[in-house]
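The values are calculated or read from the model by the stated rules, or taken from the named source; none is laboratory data. Note that the structure is a prediction, hence the values are computed from the model and not measured. We place every Cβ from the backbone using ideal geometry, glycine too, and count neighbours over all the protein chains shown. Just so you know, the surface numbers come from the protein's heavy atoms only, side chains and all, with ligands and any DNA or RNA stripped out. Shrake-Rupley method; radii C 1.70, N 1.55, O 1.52, S 1.80 Å.
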Amino acid sequence: MVVREKYEQNLAEVQTSLVDLCEMALEAFNRSVHSFVNQDINQALMILDQDRFINRLEEHIQDEAILLIAKQQPVATDLRRLTSVR
């Protein structure tokens, strides 16, 4: 695979992971509101457990963005996208 193609693939993977992270966070937020309204402690505890996974995914995305910045030295739009992830 050509270097630029690998870079584009890695950039797309970071973007996809970020979209997944946003969807998981939104779902967790909606479930937490539901849990609060219904005073459902069991659901709240499950949300807290799943939040650990969300946090690990966020750290992974940040690490990938930092690696791309360091290795590929992106410019313009790509750099703005990656720095916004951090």
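Of the residues making up segment 29-55, just one is within 24 Å of R81 (Cβ to Cβ) and open to solvent by less than 60 Å² (accessible area, probe 1.4 Å), namely I54.
Please return the ranges of helices (runs of 4 or more DSSP H) entirely within the chain where 1 or more residues are modelled with pLDDT of 95 or more and more than 14 Å from the chain's Cα centre (by Cα).
Of the helices (runs of 4 or more DSSP H) lying wholly inside the chain, those with at least 1 residues that are modelled with pLDDT of 95 or more and more than 14 Å from the chain's Cα centre (by Cα) span 3-38, 41-72.
How many of the residues in segment 48-66 are within 20 Å of F29 (Cα to Cα) and without any contact (Cβ under 8 Å) to a residue 40 or more places away in the chain? Total satisfying the criteria: 11.
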